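Below is one structure, written out as structure tokens; the observations come after it.
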Amino acid sequence: MLHKPTDPRRLSRKMSAPSLVAQASEAREVIAGFFKTFPHARNRMDIDPQLMLMRKPDDIKIRTMKLHIWELTGDGRRQELPSHQEYILYQGSMYLCVHTFETGRSSTSEVYLWRGDDVPESSVENEQPFARKIARDNSSKLQVIRQGNEPTRFIQALGGIMITRRGSSSRHNSSALYMLCGRKHLGEMTFDEVDYSLRNLCSGFPYVVSAPFGKLYLWKGKGSGPEETGAARLIGMDLGLTGEFEEVNEGEEPEDFFDVFAGPREAAPHMCQDHWQLKPKYNHYRTRLLRVDHELNPPTRFWNIRRPGSSSPVVKANDCVQEIEPFCYRDITEKDVYVLDTFFEIYVIIGEQASQKSADFASAVVFAHEYGILATSLQDRPFIPKSFVALGGVPDRCQSAFRKWNPRTQHAPFVFSLDVVIEAIRSPEN
């Protein structure tokens, strides 16, 4: 059984005081040191959380008529993938996909150039003229896709399931032992290779884990939904040398499962939170990333003046919130302010270089507070999401929200509860 040690890390590097007033005082000190101008609540823009929560993802059904997918090997050469490997993409490679499908009574063709994370920009530029020609031949416009930002229809083109592996398509350059994390991505299923370690097993998802001599395990976290588990079984049958695999439930692991891993036999505390066991009960479970930026809709001194006969302000405050969809870790920059909704928790994330975004920060923390309360009723969530503010980057606790976890800095951000931060910026001392 995976051991869950007590997390020794406190929510903040410095917080220790138990009262809200004392914690707000400490938060105020950190916030004042981070921003060039202290963020006052009165400088925020009022953002309507209901408009963001009522937005539903597109759910357009299509029927694939024809699919061709090639690996681009340089100089305009391409190698067609075998039909049983069309959904396995390597992050050291590029792939050209021509997809013809029906929506209703009409048919459409789309052409994609998928770029793995390890492919240099120069290689992508070299291949684009050839890829654009293929797109023109199919009366389509080329769509260049980066790994982690795949749109729904691209995964639908692959059959509704996509696997991303490390290395190149050559078996000699990919890892012999691997671990794939399965999760929903815009309604489709993705399985992404992650570091081969017990500490990367998250209770929220199923994993396909390879072992020596061609053996495969299907490890099912307590939060694995039936669709995720079903997809994991399908790819397990495809990837195994014999088509067989051993299913392992979290907390009921046999001894030989642990033997394939090196290092301590314990899970990372933030990967096995109790709330994960609730996930299969909520079909509408999803994660969202919102960027809060006043420059998307610059406020003026008259922004709250209403037009005659209109119930809307001259400047719409919600225009300063942009949903990033699909999103990956790379989409969080060091200069911006974000609200990350992981369904059970909400984080306001401030990049290391966002010291001039004090007003955006004030808007984000008040919006996140109202968003969390309203989400509980509008989306029938099990409880009001626990909400935090991370100053200076993305905390480890957010790892499960991203298909690929790739921290850019070794410096842990300051993390406070959202209530503490709201108290700090509303304080009459400021």
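The values are calculated or read from the model by the stated rules, or taken from the named source; none is laboratory data. Being a predicted model, the structure only gives us computed values, none of them experimental. Note that each Cβ is placed from the backbone with ideal geometry, even for glycine, and that neighbours are counted across all protein chains shown. For the accessible areas, the whole protein counts, side chains as well, though only heavy atoms, and no ligand, DNA or RNA atoms are used. Shrake-Rupley method; radii C 1.70, N 1.55, O 1.52, S 1.80 Å.
Considering the range 45-74 alone, what residues qualify as being without any contact (Cβ under 8 Å) to a residue 60 or more places away in the chain and of a type in the set (D, E, K, R)? Within the range 45-74, LYS56, LYS61, ARG63, LYS66 qualify. If the condition is being among the aromatic types (Phe, Trp, Tyr) and open to solvent by 20 Å² or more (accessible area, probe 1.4 Å), then the range 383-394 contributes only PHE383. So which residues in the range 219-240 are open to solvent by 30 Å² or more (accessible area, probe 1.4 Å) and either among the hydroxyl-bearing types (Ser, Thr, Tyr) or under 19 Å from the mean Cα position of the chain (by Cα) (or both), if there are any at all? Selection gives GLU227 alone. Applying the condition of being of a type in the set (S, T, N, Q) and in a strand (DSSP E or B) to the range 76-120 and asking which residue is surrounded by the fewest Cβ atoms within 10 Å (Cβ to Cβ) yields SER106.
Among the residues of the range 235-256, those that are within 16 Å of PHE191 (Cβ to Cβ) and out of contact with any Ser or Thr (no Cβ under 9 Å at 6 or more places or on another chain) comprise ILE235, GLY236, MET237, ASP238, PHE245. Of the residues that make up the range 289-299, is at least one open to solvent by 30 Å² or more (accessible area, probe 1.4 Å), more than 26 Å from PRO269 (Cα to Cα), modelled with pLDDT under 95 and of a type in the set (S, T, N, Q)? So far as the range 289-299 goes, no, none of its residues is open to solvent by 30 Å² or more (accessible area, probe 1.4 Å), more than 26 Å from PRO269 (Cα to Cα), modelled with pLDDT under 95 and of a type in the set (S, T, N, Q). In the set (1) surrounded by fewer than 17 Cβ atoms within 10 Å (Cβ to Cβ); (2) over 25 Å from ASN406 (Cα atoms), LEU216 fails one condition alone, (1). Residues in the range 79-92 that are over 15 Å from MET162 (Cα atoms) and either in contact (Cβ under 8 Å) with a residue 40 or more places away in the chain or touching a Cys at 6+ places or on another chain (Cβ under 9 Å) (or both): GLY92 alone. Of the numbered criteria (1) open to solvent by less than 40 Å² (accessible area, probe 1.4 Å); (2) out of contact with any Gly (no Cβ under 6 Å at 6 or more places or on another chain), the one PHE205 fails is (2).
For the range 260-288, a residue qualifies if it is assigned to a helix (DSSP H, G or I), in contact with a Pro (Cβ under 9 Å, 6 or more places away or on another chain) and open to solvent by less than 40 Å² (accessible area, probe 1.4 Å), and the qualifying residues are PRO269, HIS270, HIS275.
The residue that is surrounded by the most Cβ atoms within 10 Å (Cβ to Cβ), among those in the range 365-382 that are farther than 28 Å from PHE38 by Cβ and either touching a residue at least 12 places away in the same chain (Cβ under 8 Å) or under 20 Å from the mean Cα position of the chain (by Cα) (or both), is ALA375. If you go through the range 241-259 and keep only what is among the hydrophobic types (A, V, I, L, M, F, W, C) and open to solvent by 40 Å² or more (accessible area, probe 1.4 Å), you end up with LEU241, PHE245. The criterion of at least 2 residues that are out of contact with any Ser or Thr (no Cβ under 7 Å at 6 or more places or on another chain) and modelled with pLDDT under 95 is met by the following strands (runs of 3 or more DSSP E) wholly inside the range 307-372: 321-324. Consider the range 395-408 and keep the residues that are over 11 Å from the mean Cα position of the chain (by Cα) and open to solvent by 20 Å² or more (accessible area, probe 1.4 Å). The one that is farthest from MET271 (Cα to Cα) is ARG408. A search for C-beta distances below 6 Å between a residue of the range 352-364 that is under 14 Å from ARG426 (Cα atoms) and among the polar types (S, T, N, Q) and any residue that is open to solvent by less than 10 Å² (accessible area, probe 1.4 Å) and modelled with pLDDT under 95, counting only pairs 6+ apart in sequence or on different chains, returns SER358/PRO39; SER363/MET45.
Please verify whether SER377 is outside any loop (DSSP other than H, G, I, E, B), touching a His at 6+ places or on another chain (Cβ under 8 Å) and among the hydroxyl-bearing types (Ser, Thr, Tyr), treating the condition exactly as stated. Spelling it out, it is not the case that SER377 is outside any loop (DSSP other than H, G, I, E, B), touching a His at 6+ places or on another chain (Cβ under 8 Å) and among the hydroxyl-bearing types (Ser, Thr, Tyr). Among the residues of the range 47-75, those that are assigned to a loop (DSSP other than H, G, I, E, B) and under 26 Å from the mean Cα position of the chain (by Cα) comprise ILE47, ASP48, MET54, ARG55, LYS56, PRO57, ASP58, ASP59, ILE60, LYS61, ILE62. Residue pairs whose Cβ atoms lie under 9 Å apart, separated by 6 or more positions or on different chains, with the first residue in the range 30-44 and within 7 Å of ALA362 (Cα to Cα) and the second charged (D, E, K, R), are PRO39/LYS357; PRO39/ASP360; HIS40/ARG426; ALA41/ARG426; ARG44/ASP360. Checking GLN147, GLN143 one by one, the residue that is within 28 Å of ARG288 (Cβ to Cβ), surrounded by 14 or more Cβ atoms within 10 Å (Cβ to Cβ) and in contact with a Pro (Cβ under 9 Å, 6 or more places away or on another chain) is GLN143 and no other.
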